[in-house]
Amino acid sequence: MTHILSFHAHPDDAETLCAGTLALLAAAGHRITIATMTAGDCGSTTTTCEETARIRKAEAAAAAALIGADYLCADVGDLCVFNDDATRRKATEIVRAVAADIVLTGSPEDYHPDHEATSILVRDALFASTVRNYETGPAKALETIPHLYFMDPIDGRDRSGKRVAPEFGVDISAQFEIKAAMLAKHESQFAWVIKQHGITDFAASLGRFSAKQGTLFGVAYAEGFRQYTGTPYPRSEALQGLVGAALKVAH
Ligand SMILES: [Zn+2]
């Protein structure tokens, strides 16, 4: 059994970008943990930050439970995710506590500052996770650095609108329904995305993006990934091997 950690910025990012892959791996008997840097506490105009955080953590936990996954939050505030000492220690503590073999995080290029900062923080938390004298809390330092993958940016584009191409895709056509069901658990966000992003149908928008990534690989729905293989991160293709026949390479 392999343990996979999805560690992105906000509740609903994993559902948008990698939940199909997580569902596929969970069904194959692997262990899944979903972690977020923030509880999405600013994602409301009608409730206080504390109340919003409570609601959104419960929604994220309910979404994770649909595939038997655990949910953790680093409890950093929305728009307060910075690549600084305190936040890197929080991220490293989660990486150590989960002790996953494979970590999926956000794209280093994205439209949202929290997404970009989380990508850097998680990348560097993996590096720090094996450094014994780097103190972060009760969790033990890891023996080896986990395999690291970047998810697609939201809508597959960087902040200038340029497409960011995945290295490989995972065919999630068979998992799209559960992915959509996971996103639907984030009920408090439906009104917010209409107001903030002008997206009137959360589920249809998820379908359009997953289908767009699918066209890159000749399947109905896909999620794209890039492996980070800088020194001293592992270069073996752990996730690619784990998804089996669902692995799709762009042509
Ligand atoms: Zn987000």
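Rule-based calculations on the coordinates, nothing more; no lab input. All of these numbers come straight from a predicted model, not from anything done at the bench. All Cβ positions, glycine included, derive from the backbone under ideal geometry; neighbour counts span all protein chains shown.
For the chain, the share of DSSP beta bridges that are antiparallel, to the nearest 5, is 40%.
Scaled to the compact-protein estimate 2.2 N^0.38 Å, what is the alpha-carbon radius of gyration of region 59-110, rounded to two decimal places? Before the final figure, lay out each step's value.
Details: Rg = 12.6 Å, N = 52, 2.2 N^0.38 = 9.9 Å.
Normalised by 2.2 N^0.38 Å, the Cα Rg of region 59-110 equals 1.28.
Rounded to the nearest 20, the Cβ-based charge dipole of region 3-249 about its Cα centre (Lys and Arg +1, Asp and Glu -1) stands at 400 debye. Contact order for region 158-251, expressed relative to its length and based on alpha carbon pairs under 8 Å spaced 6+ residues apart, stands at 43 percent.
Pick out, from Pro113, Ala14, His197, the residue whose Cα sits farthest towards the positive end of the charge dipole of region 3-249, with +1 on the Cβ of Lys and Arg and -1 on the Cβ of Asp and Glu. Ranked along the dipole, the leading option is Ala14.
Other residues whose C-beta falls under 13 angstrom from the C-beta of Asn83 contribute a net charge of -1, scoring Lys and Arg +1 and Asp and Glu -1.
Stokes-Einstein, applied to the Kirkwood radius of region 176-251 over Cα pairs at a viscosity of 1.567 mPa s and 4 °C, places its translational diffusion at 88 µm² s⁻¹. Packing around the peptides 134-142, 61-69, taken as the average count of other Cβ atoms within 10 Å per residue, puts them in this order, highest first: 61-69, 134-142.
The calculated P(r) of the chain, using every Cα pair and 10 Å bins from 0, goes 8, 34, 40, 17, 2 in percent.
Dividing the convex hull volume of the Cα atoms of region 68-143 by its residue count, what figure in Å³ per residue is obtained?
Numbers: hull volume 7.8 nm³, N = 76.
Residue-normalised Cα hull volume stands at 103 Å³.
When both region 126-145 and region 192-251 are represented by their alpha-carbon centers, they are found 29 Å apart.
Only Cα pairs under 8 Å and at least 6 apart count here; give the relative contact order of the chain as a rounded whole percent.
Details: 507 pairs, mean separation 56.3, N = 251.
About 22 percent, as a whole number.
Projecting the Cα positions of Ala139, Phe217, Gly77 onto the charge dipole of the chain (unit charges on Cβ atoms of Lys, Arg, Asp and Glu, taken about the Cα centre) puts Phe217 furthest along the positive direction.
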